[in-house]
1. Pick from the range 148-171 the residues that are within 16 Å of ligand 2 (Cβ to nearest atom) and within 28 Å of residue 63 (Cα to Cα): which of them is surrounded by the fewest Cβ atoms within 10 Å (Cβ to Cβ)?
2. Taking the range 28-75 on its own, how many of its residues are within 16 Å of ligand 2 (Cβ to nearest atom), in contact with a helix residue (DSSP H, G or I) (Cβ under 8 Å, 6 or more places away or on another chain) and either without any contact (Cβ under 8 Å) to a residue 40 or more places away in the chain or outside any loop (DSSP other than H, G, I, E, B) (or both)?
3. Just a yes or no: is a residue in the range 13-27 more than 21 Å from residue 208 (Cβ to Cβ), within 16 Å of ligand 1 (Cβ to nearest atom) and assigned to a loop (DSSP other than H, G, I, E, B)?
4. So for the range 31-44 (the condition being within 15 Å of ligand 1 (Cβ to nearest atom) and out of contact with any strand residue (DSSP E or B) (no Cβ under 7 Å at 6 or more places or on another chain)), does at least one residue qualify?
5. Can you name every residue in the range 49-78 that is within 23 Å of the chain's Cα centre (by Cα), within 16 Å of ligand 1 (Cβ to nearest atom) and surrounded by 15 or more Cβ atoms within 10 Å (Cβ to Cβ)?
Ligand SMILES: Nc1ncnc2c1ncn2[C@@H]1O[C@H](COP(=O)(O)OP(=O)(O)OP(=O)(O)O)[C@@H](O)[C@H]1O
Ligand SMILES: [Mg+2]
């Protein structure tokens with residue numbers, strides 16, 4: 001059976017004066033699929049997602065939701081779409097419940113739906129609380145609740161967990177995971193957190209300066225960097241030898257005048273004994289040694305020259 005494409009973005013471009021915020025990007029999201037847009041500040045994530053939401057208009061290219069463009073279909077598209085913006089402004093003197101009721105009435109939904117959503121996002125105890133008295137995490141949950149009110153087929157979340165503590169972040173992940181199991185919603189979320197992209201999403205797009213640098217499932221992306229492991233080490237004086245010829249080494253990076261090294265290796269057990277032997281042979285002192293699997297962050301750094309949260 002063919003997959004149902006819910007979001008289609010085709011050669012979309014957006015510029016602000018001379019700044020190209022989104023540069024000719026294309027992708028699709030199927031029903032039931034979760035996609036992460038991962039990128040640093042200013043990458044163009046919000047601009048792209050707001051064009052999909054119909055809030056901003058692209059300079060060129062097409063955006064289709066369930067095969068329809070925004071032009072002439074706004075009412076229909078609003079009904080299938082749930083959105084949460086990077087920053088949500090609620091009406092301060094409304095309670096959580098009143099806020100949900102207000103949005104329910106926009107969609108022509110019964111107030112019983114507000115009660116369901118209060119439970120879904122775990123804000124029952126806060127129903128009477130003014131929205132300006134909510135914590136950051138509770139506000140994010142309310143924003144997500146509003147996005148979910150109309151049982152959207154297309155869910156667009158702009159940094160749903162930025163600034164949250166690990167517990168609150170985990171609660172939002174659980175909620176979105178549950179939604180995935182019980183619905184065929186297509187979701188795009190933007191994030192700076194690679195763990196969020198890894199944990200929640202089927203596919204990840206790495207974006208920087210308006211362009212897509214890489215796209216795929218986590219294993220595909222890791223493989224594109226070169227599946228393997230990283231050895232980090234620090235020695236007291238620079239090595240005389242470049243370590244390129246050690247067994248299974250694919251790449252060597254140096255920092256701090258050659259005292260801090262990073263080896264990208266295929267198999268750490270092949271490399272490590274030789275590295276240690278060489279350290280002894282050159283009479284160096286090993287100050288630090290650490291090994292780990294290749295992560296998305298390694299790929300990100302290799303593509304952009306900087307870390308995600310720099
Ligand atoms: N209305 C605007 N006018 C001029 N420039 C803009 C406007 N909106 C965005 N930009 C610029 O476009 C680029 C992309 O911004 P955007 O908000 O899409 O990035 P982002 O990836 O969402 O970043 P962040 O992670 O900080 O939210 C930035 O350089 C920004 O300054
Ligand atoms: Mg943004």
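1. So the residue we want is 162.
2. Matching residues across the range 28-75 total 3.
3. no
4. The answer is yes, given that some residue of the range 31-44 is within 15 Å of ligand 1 (Cβ to nearest atom) and out of contact with any strand residue (DSSP E or B) (no Cβ under 7 Å at 6 or more places or on another chain).
5. Within the range 49-78, 49, 50, 51, 52, 53, 54, 56, 58, 63 qualify.
Conditions (1) without any contact (Cβ under 8 Å) to a residue 24 or more places away in the chain; (2) surrounded by fewer than 14 Cβ atoms within 10 Å (Cβ to Cβ); (3) closer than 20 Å to residue 295 by Cα; (4) assigned by TED's automatic domain parsing to the domain that holds residue 278, marked per residue:
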| position | (1), (2), (3), (4) |
| --- | --- |
| 216 | yes, no, yes, no |
| 234 | no, no, no, yes |
| 238 | yes, no, no, yes |
| 241 | no, yes, no, yes |
| 246 | no, no, no, yes |
| 253 | yes, yes, yes, yes |
| 258 | yes, yes, no, yes |
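Condition check ((1) within 16 Å of ligand 1 (Cβ to nearest atom); (2) free of Cβ contacts under 8 Å to residues at least 24 places away in the same chain; (3) out of contact with any strand residue (DSSP E or B) (no Cβ under 7 Å at 6 or more places or on another chain); (4) outside any loop (DSSP other than H, G, I, E, B)) across all residues:
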residue: 122; (1), (2), (3), (4): no, no, yes, no
residue: 128; (1), (2), (3), (4): no, no, no, no
residue: 156; (1), (2), (3), (4): yes, no, no, yes
residue: 162; (1), (2), (3), (4): yes, no, yes, no
residue: 168; (1), (2), (3), (4): no, no, yes, yes
residue: 172; (1), (2), (3), (4): no, no, yes, yes
residue: 178; (1), (2), (3), (4): no, yes, yes, yes
residue: 184; (1), (2), (3), (4): no, no, yes, no
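The values are calculated or read from the model by the stated rules, or taken from the named source; none is laboratory data. In this text, all values refer to a predicted model and were calculated from it rather than measured experimentally. Please note: Cβ atoms are built from the backbone with ideal geometry, for glycine as well, and neighbour counts cover all protein chains shown.
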